[in-house]
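Below: one structure, written as structure tokens.
What follows draws every value from the coordinates through simple rules; no lab data is involved. Computed from a predicted model, the values in this text were never measured in an experiment. As a convention, Cβ positions derive from the backbone with ideal geometry for all residues, glycine included, and neighbour counts pool all protein chains shown.
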Amino acid sequence: MRKLIVGNWKMNGLRQSSEDLVGGILAGLPAGADVGVVLCPPATLLAQVAEIVKESPVEVGAQDCHPDASGAHTGDIAAPMIADAGARYVIVGHSERRSDHGEGDALVRAKAEAAMASGLRPIVCIGETAEQRRAGEALSVIKHQLAGSLPALSQADSLVVAYEPVWAIGTGDTATPADVEEVHALIRTALRSGAGEAGNQVPILYGGSVKSSNASELLATADVDGALVGGASLKAEDFLGIITAAAALA
Ligand code: PEP
């Protein structure tokens, strides 16, 4: 499967810095690389980034959406608005949304279904905390989150799953390839049991302090189909290093 590298800018970026960053990424994209690249800027920059990348292979995603298509939800952004801004993906259930906004599995699933209904590909994030891993609960937490957060698998061809151990996000710590392999194998089994053969085609991304120095090893791990990248997606050189590592494995 073609590797998918997704940059999550989180709450970073103004129009000028965004133009510079996207320009740098486009200028440095390895020619002919068989890698999917998605940029997820804050909502204020979605339309701008979509405009800049429109003649390129780079696609755009949002960082969250509301489960409803419209209505009285001050400050929220609906999936049709995201699609209208030119995006094709949306991250749902990121651990920062789960912890900062108390989002649970049922809401994450509703958001993923809303995304699909608008023709977007949801990137559904799951992952255990450090405490849960220390207690030996990582696999059972992942199973529970999969059961609660994934949308109906009849549309598996538009789904992306991201395994992001909470303790590895923004900390510089990464899971070992063996731990990643174990969790990704469990996710693959769940996808296959829900969607049959189509479950093999759902990209499973790893996220958590991915950088150019560790990308090759992580991306070469079984069932790792790409990366969800936070900090290292904010500098063109760093992000391009990860894309180049993915291209080398294609
Ligand atoms: C993320 O925000 O999804 C993430 C993985 O962040 P970082 O790469 O900075 O750990």
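A few remarks follow.
- Spin-label model, E19 to K143: label points 7 Å out along the Cα-to-beta-carbon direction sit 5.3 nm apart.
- The range 3-248, relative contact order in percent, only Cα pairs under 8 angstrom and at least six apart counted: 22 percent
- With the simple spin-label model, which puts each label point 7 Å out from Cα in the Cβ direction, the T221 to A198 separation comes to 2.8 nm.
- Cα→Cβ-extended label distance, 7 Å offset, between A152 and S213, nm: 4.7 nm
- Residue pairs, from the table K143/K235; K10/K111; K3/K235, whose Cα atoms sit over 27 Å apart: K143/K235
- FRET efficiency estimate (nearest 0.05) - Cβ-Cβ, T171 to D76, R0 30 angstrom: 0.55
- The chain: most fluctuating residue of S209, S70, S95 per GNM, C-alpha cutoff 10 Å: S70
- Inter-centroid distance (Cα atoms) of the range 118-134 relative to the range 159-215, Å: 9 Å
- Relative contact order [Cα under 8 Å, 6+ residues apart], the range 83-228, whole percent: 22 percent
- Built amide H within the under 5 Å cut-off of V37, gap 5+: I5, E59
- Residues I25, I77, I5, arranged from fewest to most other Cβ atoms within 10 angstrom of their Cβ, appear as I77, I25, I5.
- Between amide H atoms placed 1.01 Å from N, distances below 5 Å from A78 occur with H66, all of them 5 or more places distant or on a separate chain.
- Long hydrophobic helices in the chain: the complete DSSP H runs spanning 24 Å or more by Cα along their own axis with mean Kyte-Doolittle hydropathy of at least -1.0 are 177-195.
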